[in-house]
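Taken together, the values in this text are just the output of simple stated rules run on the coordinates, not laboratory data. What you see is a predicted model; the values in this text were computed from it and never measured. No Cβ is skipped: glycine too gets one built from the backbone with ideal geometry, and neighbour counts run over all protein chains shown.
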Amino acid sequence: MHKEIKAVTPDVMSMFLRYDWKGNIRELENVVYRGVLMARGNVILKEHVPELDLSPTPAKSGSVDFIRSLDDMR
């Protein structure tokens, strides 16, 4: 696309790290591609990427509860 994207903002990176990428690498590629397309400068901002559903899935919630119960046993 002939753009020199140098970074994503910390809030975008946080979103990327917390999201459960069910579509795997292809889903991530599509979101980053959109961010690059929408960016006017060399940084991808939150408004350049679609909102990602960051609500916990049942599997994630169960994992957290399991880890907490292990901590309580100590």
Would you please give the residues with an amide H less than 5 Å from that of VAL43, counting only those at least 5 places away or on a separate chain, with H modeled from the backbone geometry? LYS6
Starting from the 7 Å offset along Cα-to-Cβ, what nm value, one decimal, do you get for the label separation of MET38 and SER55? 2.1 nm
Residue separation between GLU29 and THR9 times 0.36 nm, minus their alpha-carbon distance, gives in nm 5.5 nm
Peptide ranges 44-53, 3-12 listed from the most packed, as the mean C-beta count within 10 angstrom indicates: 44-53, 3-12
